[in-house]
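The values are calculated or read from the model by the stated rules, or taken from the named source; none is laboratory data. Bear in mind the structure is a predicted one, so any value in this text is a computation, not a measurement. Here the Cβ positions follow ideal geometry from the backbone for every residue, glycine too, while neighbour counts run over all protein chains shown. Note: accessible area is taken over every heavy atom of the protein model, side chains too, but ligands, DNA and RNA are not part of it. Shrake-Rupley method; radii C 1.70, N 1.55, O 1.52, S 1.80 Å.
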Amino acid sequence: MSPQTRLEQRLDRAVDRATTPRGAVVVIAGTTILITFAAAILMTVVDRENYPSIGSGLWWAVQTTTTVGYGDVVPTTVVGQLLAALVMFFGIGFITVITAAITSTFVARSSLEQKRADSETPTAEQVRQLDRRLERIEAAVTRSS
């Protein structure tokens, strides 16, 4: 097995923090906000003509990361368009991967809990054996009285 990259280690830690629905919301929302603000700042730096302020860059980034894409403000420089493509592919894909990883953790945990519950539930054969034992105990008590 190959050693994990830093990104994989961070992703694992993030998923480990999302052990409850509230934790999952925090991780997913935190990741989305981080990607959105990073994209806004970068877009303001690389396409200053179309995005002269952090606010305009943030408006574009929110539209892009949420996949709404109103199209009222679009990057026109090549660097801005490349950044937009990276945000679309990486940002949205990364958020999807984190959401899927957290969801699979919840599903796996639920499956494990169900298996534990099933193994703790007595089977019909176990109930029959207990019933026979009780009958023997009752017979022994009745004979000794």
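Whenever a residue of the stretch 96-118 is within 18 Å of residue 25 (Cβ to Cβ), its partners that are open to solvent by less than 80 Å² (accessible area, probe 1.4 Å) and not in a helix (DSSP H, G or I), lying with C-beta atoms within less than 8 angstrom and at least six residues away or across chains, give the pairs 102/18; 105/18; 105/19. In the stretch 21-36, the residues that are within 25 Å of residue 54 (Cβ to Cβ) form Cβ pairs under 7 Å with partners that are among the hydroxyl-bearing types (Ser, Thr, Tyr) and open to solvent by 20 Å² or more (accessible area, probe 1.4 Å), at six or more places apart or across chains, as follows: 28/99.
For residue 113, the conditions (1) more than 26 Å from residue 13 (Cα to Cα); (2) open to solvent by 50 Å² or more (accessible area, probe 1.4 Å); (3) in a helix (DSSP H, G or I) are fulfilled apart from (1). Yes or no: residue 69 modelled with pLDDT under 85, under 23 Å from residue 12 (Cα atoms) and not aromatic (Phe, Trp, Tyr)? Here the answer is no, as residue 69 does not meet what is asked.
From the list 41, 95, 33, the lone residue that is surrounded by 16 or more Cβ atoms within 10 Å (Cβ to Cβ), among the aliphatic types (A, V, I, L, M) and either at pLDDT below 90 or assigned to a helix (DSSP H, G or I) (or both) is 95.
Residue 74 fulfils the conditions (1) aliphatic (A, V, I, L, M); (2) open to solvent by less than 50 Å² (accessible area, probe 1.4 Å); (3) not in a helix (DSSP H, G or I) except for a single criterion, (2).
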